1. Which pairs do you get when a residue that is farther than 12 Å from residue B:241 by Cα, found in the range B:260-273, comes within reach of a residue that is surrounded by 24 or more Cβ atoms within 10 Å (Cβ to Cβ) and hydroxyl-bearing (Ser, Thr, Tyr), reach meaning Cβ atoms under 6 angstrom, with the pair 6+ apart or on two chains?
2. Go through (1) crowded, with 24+ Cβ neighbours inside 10 Å; (2) farther than 25 Å from residue A:96 by Cβ; (3) within 10 Å of another protein chain (Cβ to nearest Cβ) and name the single condition residue A:286 misses.
3. Can you spot a residue in the range B:452-464 that is part of a helix (DSSP H, G or I) and modelled with pLDDT of 80 or more?
4. Return only the number of the condition from (1) in contact (Cβ under 8 Å) with a residue 40 or more places away in the chain; (2) within 18 Å of the chain's Cα centre (by Cα); (3) outside any loop (DSSP other than H, G, I, E, B) that residue B:183 does not satisfy.
5. Of A:173, A:190, which residue is in contact with a strand residue (DSSP E or B) (Cβ under 7 Å, 6 or more places away or on another chain) and either free of Cβ contacts under 8 Å to residues at least 12 places away in the same chain or not small (Gly, Ala, Ser) (or both)?
6. Taking helices (runs of 4 or more DSSP H) that do not extend beyond the range B:525-636, which have at least 2 residues that are of a type in the set (A, V, I, L, M, F, W, C), surrounded by fewer than 13 Cβ atoms within 10 Å (Cβ to Cβ) and out of contact with any strand residue (DSSP E or B) (no Cβ under 9 Å at 6 or more places or on another chain)?
7. Within the range B:371-394, count every residue that is out of contact with any Asp or Glu (no Cβ under 8 Å at 6 or more places or on another chain), of a type outside the set (Lys, Arg) and not in a helix (DSSP H, G or I).
8. Among the residues of the range A:186-203, write down those that are among the polar types (S, T, N, Q) and in contact with an Asp or Glu (Cβ under 8 Å, 6 or more places away or on another chain).
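The values are calculated or read from the model by the stated rules, or taken from the named source; none is laboratory data. Quick caveat, the model's predicted, so the values are computed rather than measured. All Cβ positions, even for glycine, are placed from backbone atoms using ideal geometry, and neighbour counts span all protein chains on display.
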Amino acid sequence: MNGTIPAPTIEYGMLAPMLVVFGAAIVGVLVEAFAPRYLRSAIHLPITLLSLLISFVLIVWQWVEGVPTKAAAMGAIAVDGPAMFIWGTILVLAFVSVLLIKDEGHFVGAAAAVPGSAEEEQALYEGAAHTEVYPLVLFAVGGMMLFPAANDLLIAFVGLEVMSLPLYLLCGLARRRRLLSQEAAMKYFLLGAFSSAFFLYGTAMIYGYANSLDLAEIGASLGVVGGQDMLLYIGGAMIGVGLLFKIGAAPFQAWKPDVYQGAPTPITALMASGTLIAAFGALLRVFWVALGGLDWNWRPVFYGVAILTMLGGAIFAITQTDIKRMLAYSSIAHGGFLLIGVIATGSAPAQNTSALSGILFYLVAYGFTTVGAFAVVTMVRDAGGEAWHLSRWAGLGKRSPLLAGVFAFFLLAFAGIPLTSGFFGKYAVFQAAVTGGALPLVIVGAVASAVAAFFYVRVIVLMFFSDPAADGPSVVLPSRGTAAVVGLAALATVVLGVFPQPVLDLAHSAAQSLFVR
Amino acid sequence: MEAAEIASITQHSGGAIGAAWLMIALPLVGAAVLLLGGRRTDKFGHLLGVLMAVASFVVAALAFVQLLGFAPGERRRGVSLFEFIPGLVDKVGLLVDPLSISFCLLITGVGSLIHVYSIGYMAHDPNRRRFFAYLNLFVAAMLLLVLADNYLALFVGWEGVGLASYLLIGFWQHKPSAATAAKKAFIVNRVGDVGLLIAMFTIFATFHSLTFSGVLDRAGDASQGTLTAIGLLLLVGACGKSAQLPLQSWLLDAMEGPTPVSALIHAATMVTAGVYLIVRSGPIFEGTGTAQLVVTIVGVATLLAGAIIGTAKDDIKKALAGSTMSQIGYMVLAAGVGPAGYAFAIAHLITHGFFKADMFLGAGSVMHAMNDEVDMRKYGGLRKVMPITFATFLVGYLAIIGFPLLSGYFTKDGIIETAMEHSAVLGWLAVLGAGITGFYMSRLVFMTFFGKKRWDAKAHPHESPAVMTVPLLLLSIGSIALGAYLILGNRFMIFLSPAVGAPEHLPEFHPFSAPGLATLALVAIGAAFAWLRYGAAEVPATAPRGSFLTTFARRDLYGDALNEALFMRPGQWLTRLAVFFDNRGVDGLVNGLAASIGGSSGRLRRVQTGFVRSYALSIFVGAAVLVGAWFVVGNL
């Protein structure tokens, strides 16, 4: 160390997809600062959608050119097969979520105003809308891209925070049920900060052990450094806590139902798909690249976490009476199923590839279905806004057979019924786990799926076989954007369920290269 | 008696035979359009139904003409349709040969006439369209049954006609008796179907094929015991569908369906499917004397049982149903005799199709005129009011009792002679059956058309419209002339021989053989006795108590009582036991599990307090546990 810090070399071409998103977010902030209020929405929307689109095109281009095999930015950011697959998935789902976000009526006019106050009334009356939503979403998406690609624990932490901070804000912007929304934002922020502290603390411990933050170097130091196992164990476990929190794995799942319920539904859709995918990408990278040599150590712990998460998510969901909370618990249970895939990794590269590609496919399948399901939730409304209570959904199938049918289809996909994408997702992960020797876990997974099927089907029964309430909610005529989201999600769920091979192949070739070191 | 060789199958394409699938497809499309089209098709539904049946008949007739153009040895034409389950039935195809084309002509010909008749008969029924849809469905399924070139497709048709039969028996489902009868028919048929299924399993296990060519050509390879088992199982299937003992009980109740249904399905076509099955599977039965013996015994027993039941019924349709049972018994008897009897079985089947359909439609015409009254004790003297119905019915009646030179005379006489040659006991029992037939059919005619009027006050009988009488006239022409045409000069036997084989020595027709004369004498005695009891004497309006024999016959020979005691009650006990076990055992387990999951969910829910501090605490504790677990595992 001679006191000078050399300027890092940055491969802008490899990082371009991420940079486009961050750049657009900054442009969005400028728009927010300089454009007149009435123009902002009209400017934001094309910028946001276009940046996501360009970023996606860049990824496709790079994929066709050839997946890089070396980490960029001096080894800090790994742009490899899995990262690019995850980026692409997140971008598509973010694009879809933005279509939901753009619908009027989800976001408060004046977020700072006290709920129910005169200022809020005034803002509502003026038809004010929070256009900051767009740059915030772009920042969050940028963070979601950085997090799973980070090849360095500090960069990972930066990614984690860039992803989370805008989401904390976005959670508090719901137009209706303001208190619930603000409460959700507060809870999410406090607990998120708490878990970030764990992550950071773990990072420090690991640095103490390995004298490096680079994942590859940490991996290389395992077994070389002697007598410091205490630091390694505490550090590994703490980093695990931070990552498992973002996934919503038990026992760190408590925030999920409260936050998913309170957040504006389009934001919930973005979180349920994008954040989960990003967090799984980061989890896989950290635990394979850095702590892969320690797998005999973390695997049993994850074993227990996965069982707890699957059963906990499924059992909690049974008594839920709120559709968004039910979907939140369903998301927890799905996180548990995905953890099975993480545990299914073994020493043989072929086994790793099949487990990884299973997880990637599962993430795509689940992401589309969950965005579609939350999009449907935005459409079922009564006087107080979206009708969340399940009793309000009774008889929906009689009044809006198409919408209820699509929703029932999504629920069946969550349950993993054949001919839906959920079936192949579960199948890919479970199969990898069986060949990886985690049969008991798969049995628990199957039991949890059976329990989960109960509450999915219960909603279907409620929609189609119960008499509609006299003052039941009405289904709003969807805007073009929302209709497109529901249609796209349903299409993806069908296509991935009937004809999954292309995406399976894609996931397989992405997983082929595994994570660069 | 040595059988002549069955011709091998020639692959065929083109012409009406190549388009044989149209026969099945046309009525199937009709059924689909009428069922899916809903009320929109109400206006023309019946016309479409008739059109499809007639179009199917035209295809059948053209195929028949084309078939006649080939040399007799090349008259078995295979038409392959599509590939199917490899190994089981590689290719599904149709087999157009003299046997199947005979059935096709009967099904579509008589079927079309009954379709036309139904326009009039069902004119006032609000669900007439649905009725025609089911009739079309039946025709399609029945044609598949007889045209299939393998047992699997045959079974599909077999189940299809069972379904159509169920739907049509229960067509007036608002009547509890009709709904029950439909269920009864379905369940009894299920017994037979299981027999057929197991027969198919055994066939496949033995021959590794289900196609007729793959099975029947190699029937000789199988052991005697296997063939007997297959034969008896096929017979169980045949008994279910053809209402033979011991699976006869559903047919009498099936008369709850509309009368055209009784004529088409429960007299002319579907109930003869069992005869078709036995004749088609001829090589299997010919390889096993035991199975053939059982077939003939079942046939004779049923022909007597049906006749006895027919003597005691006051319901005109049930009397005719008993007669149907009995006549199919004759066919089964002939089919059990072997190649010598096949042609007579099928010939009698065809002529019976005409004269029984004729009489059923006649009965329908009478009921139509009498406000749907079926009790013959409330008829009487109708010959003057309904001359056309009476005349056509009379033709059918004379045909069935075997009045010389009418259809039934030739075909039934053929069966009796063949049976006599096979075994004197069977032959004389068949003769006895003919005598009883003479009695009960005469009783029916005398009670209905002769004697004094015993009508209800509200009844105003009238002749039926032309749409109903024209089919009657056409059917009675068949009842008069068809028998002589088919039997004289062994025309039909020679025609069928490529499909089913033929005896070495063709039989000659002896009009004055001993059994023939004895039959005529017994029939005359029976008819005379009926005249004394029901023609000349007064018919009481309510049935007299009668002797125990009468009661025996009225109660269908205690067939239902037997079924109830042997199967229904033990079955009910079994289901009760199963329900008990299900409630206490399975449900207890399942409900207990569900309750415990639900309960734990409810209890766990309280953990979700909504307070950030408790969430943070749970994260903290979780992290501690995680670190602890990590250590424990790391130091193992």
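1. Qualifying pairs under 6 Å: B:260/B:117; B:260/B:118; B:260/B:121.
2. (3)
3. Among the residues of the range B:452-464, not one is part of a helix (DSSP H, G or I) and modelled with pLDDT of 80 or more, which makes the answer no.
4. Only one criterion in (1) in contact (Cβ under 8 Å) with a residue 40 or more places away in the chain; (2) within 18 Å of the chain's Cα centre (by Cα); (3) outside any loop (DSSP other than H, G, I, E, B) is unmet by residue B:183, namely (1).
5. On inspection, the qualifying residue turns out to be A:173.
6. Working: elements: B:548-554, B:559-563, B:569-581, B:587-605, B:612-634.
The qualifying helices (runs of 4 or more DSSP H) are B:548-554, B:569-581, B:587-605, B:612-634.
7. 4
8. Selection gives A:196 alone.
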